[in-house]
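*Asks:* Sending over a structure as structure tokens; questions will come in a sec.
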Amino acid sequence: MTAETRPVILTGDSEVAKLRASHSELTEVDAFSRQIKELFFIDNHAFIGTPKEEAYATEDFKKYASSKEGAFVYVYFPWNNTLVKTVDAGDYYQLKTNRNQDLITAEEQKKLRDYKVAVLGMSVGSNVAFVLTQAGISNDIILADFDELDTTNLNRILAGVHEVGLNKTVIAAHRIYEDNPFANVTLLQGGVNETNLEELIKAGKIDCILEEIDDMPFKIHARLLAMKYKIPVVMVTDNGDGVVLHVERYDLGHDKIWGKPHEYYEEKLADGPMTKEKAGDVIIHDIVGGVHRVDPKMIASVKRVLAKELVSWSQLGSAAILGAVVATYAIKEIALGKGTEKDIRAWISPESVEKGTHSHS
């Protein structure tokens, strides 16, 4: 496994031949032949419901396949030495989003594709980034994290033991590109700070911030920047089996941080270093909403962390996935211009799902 972060798109036979000659044990995959069959039904509705093999034997299919004969590219994934023959970007987009209809309209899908998200922090954030990609949201996406993968991260990050030691943004980028090789992923492998975040916002590279950074002062500074430039911020905080969702619509003029005046947090930053105890107090009371809202097992975990009995607080992979789903839904609604609430905090847990019974006659 190598640390290359971006696939290589090849269009000429000479480029492909050169790659084959220079890379031993190259794995080759022909996705194109199957993709043409999928596209045929999408573009020829009269054949929907016709047995596949019967449809593929028709003159209509042969003419269609002939018309698409040269509409392919090769994508080389250097991190796993794989070369894939696939349809071009336009047809790939059509295939990738076809099953989203009619839950997402064609017009909405384009808005979602063009909506630019910056995912800051690659624990829960890596899961959000991938779910966004699956939904066709944010074809131009920014990933930020300075940290490298450890084996203890594998309970909540979609990765493998062969990737231990790689930067977390690189791992997330691999997943995104394997899902959509035509995506544009910008990596901040050195992490994010006030300077580079403001530069990206001013350059028009960010429409929404998904904030999952552990550093409390930066969480506050990021919101002050978002407030200044009117950028919405979404955050999910895992809480046992559940999550707490925060949506702060600075794009709609919101001027608070976690429900309190921003001056409160500016004073907090000026009042000496942000210790673990101070940060923990903010998380429990301001972010989660009080001790009564925190999973009791999480409280016990935090106490053990402060007592140096645990390396880090407890987190579950299932909560990370739940957080990704919830955050993706929130970002989708914002991108489509839905909702007017400026400050949302929601507690979501499998335990809160309404239960019903089935009756049998």
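*Asks:* When the residues of segment 267-308 are narrowed to those that are over 30 Å from the mean Cα position of the chain (by Cα) and under 24 Å from Asp255 (Cβ atoms), which ends up surrounded by the fewest Cβ atoms within 10 Å (Cβ to Cβ)?
*Replies:* Ala270
*Asks:* Against the condition within 22 Å of Tyr76 (Cα to Cα) and either touching a Gly at 6+ places or on another chain (Cβ under 8 Å) or surrounded by 14 or more Cβ atoms within 10 Å (Cβ to Cβ) (or both), how does Val164 come out, does it pass?
*Replies:* So Val164 does not fit the description; no.
*Asks:* Scan segment 46-67 and give yes if some residue there is closer than 18 Å to Phe182 by Cβ and out of contact with any helix residue (DSSP H, G or I) (no Cβ under 7 Å at 6 or more places or on another chain), otherwise no.
*Replies:* No, the conditions are met nowhere in segment 46-67.
*Asks:* Spot the failing condition for Val325; the list is (1) farther than 17 Å from Val124 by Cβ; (2) touching a residue at least 24 places away in the same chain (Cβ under 8 Å), and only one is missed.
*Replies:* With (1) farther than 17 Å from Val124 by Cβ; (2) touching a residue at least 24 places away in the same chain (Cβ under 8 Å) applied to Val325, the lone miss is (1).
*Asks:* Same structure again: Given (1) over 23 Å from Ile209 (Cβ atoms); (2) part of a helix (DSSP H, G or I); (3) in contact with a helix residue (DSSP H, G or I) (Cβ under 9 Å, 6 or more places away or on another chain), where does His292 come up short, assuming only one miss?
*Replies:* Exception for His292: condition (3).
*Asks:* What is the residue count in segment 15-71 for residues that are within 36 Å of the chain's Cα centre (by Cα) and either touching a residue at least 24 places away in the same chain (Cβ under 8 Å) or outside any loop (DSSP other than H, G, I, E, B) (or both)?
*Replies:* 35
*Asks:* For segment 212-254, which positions are within 16 Å of Leu200 (Cα to Cα), of a type in the set (Val, Ile, Thr) and out of contact with any Asp or Glu (no Cβ under 6 Å at 6 or more places or on another chain)?
*Replies:* Across segment 212-254, the qualifying residue is only Ile231.
*Asks:* For the structure I just gave you, tell me whether Phe32 is in contact with a helix residue (DSSP H, G or I) (Cβ under 8 Å, 6 or more places away or on another chain), surrounded by 12 or more Cβ atoms within 10 Å (Cβ to Cβ) and among the hydrophobic types (A, V, I, L, M, F, W, C). It would help to see each step written out before you state the result.
*Replies:* Values: in contact with a helix residue (DSSP H, G or I) (Cβ under 8 Å, 6 or more places away or on another chain): no; surrounded by 12 or more Cβ atoms within 10 Å (Cβ to Cβ): yes; among the hydrophobic types (A, V, I, L, M, F, W, C): yes.
Answer is no for this residue.
*Asks:* Turning to a different aspect of this structure: Residue check, Leu322 against (1) touching a Ser or Thr at 6+ places or on another chain (Cβ under 9 Å); (2) modelled with pLDDT under 90, all met but one. Which one?
*Replies:* Tallying (1) touching a Ser or Thr at 6+ places or on another chain (Cβ under 9 Å); (2) modelled with pLDDT under 90, Leu322 fails exactly one: (2).
The values are calculated or read from the model by the stated rules, or taken from the named source; none is laboratory data. Bear in mind that the values here come from a model prediction, so they are computed numbers and not experimental data. Neighbour counts are summed over all protein chains in view; Cβ atoms, including those assigned to glycine, are modelled from backbone coordinates with ideal geometry.
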